[in-house]
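Just so it is clear, none of the values below were taken in a lab; they were calculated from the coordinates. Only a predicted model underlies this, so the values are computations on that prediction, with no experimental measurement involved. Positions of Cβ are generated from backbone atoms using ideal geometry, with glycine treated the same way; all protein chains shown enter the neighbour counts.
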Amino acid sequence: MGKCLPIEILVVEDKAGFRETLVDALQANCGSHDVKVLQACHGEEAVSLINERTILFLDLEMPVMDGYAVLEYLRREGIAPKGVIVMGSMAGDPMESARVRRDVETFYQGPLRYLPKPFGLDVLEKIMESFDGMLY
């Protein structure tokens, strides 16, 4: 019997400082699990890293290939990650937030969470707790 492969958390974010802070926080929070944290600075870089073991932290607004295009690519290619956490500036206007959710759900119907920017580590911990059963 082969060894189980680790879960992969992929952070796709164009702002390097934010991406690195998030990667560090995820590594600190997943220490007891067999988890590999990866990062990409835009969607085009990310799509080759996504598979069925991936939990994806996905920024919606990025250069080269944005988060919506990544979700469309996953749907078109039949790639179903373990879960997707969409990150974006959705907290301000309720109408904008509803539009973003509707647009995202057009492209992706799997396990999905929304993480409005900016967010604190306490919010990140709650998001990770909701995915805890997927980390095995």
Rank Gly17, Gly43, Gly67 by mean-square fluctuation in a GNM of the chain with C-alpha springs under 10 angstrom and give only the top-ranked residue. Gly17
Can you list residues from other chains, or at least 5 along the same chain, whose modelled amide H is less than 5 Å from the amide H of Gly88? Leu115, Lys117
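Size of the dipole of the chain about the Cα centre, Lys and Arg at +1 and Asp and Glu at -1 on the beta carbon, nothing else charged, in debye to 20?
Details: 14 positive and 22 negative charges, 69 e Å.
Taking the Cα centre of the chain as origin, the dipole is about 340 debye.
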Pairs of alpha-carbon atoms within less than 8 angstrom and 6+ residues apart define the contacts here; what relative contact order does region 7-131 have, in percent? 23
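Add -39500 (n - 2.57) for each DSSP H run of 4 or more in the chain, then divide by its residues: what number comes out at 222 nm, to the nearest 500 deg cm²/dmol? Present the calculation step by step, with values, prior to reporting the outcome.
Values: 5 runs with 53 residues, N = 136.
Per the formula, -11500 deg cm²/dmol.
Given a Förster distance of 30 angstrom, what is the FRET efficiency for Lys126 paired with Val64, based on the Cβ-Cβ distance and rounded to 0.05? All intermediate terms of the calculation are to be shown ahead of the outcome.
Values: r = 31 Å, r/R0 = 1.02.
Rounded to the nearest 0.05, the efficiency is 0.45.
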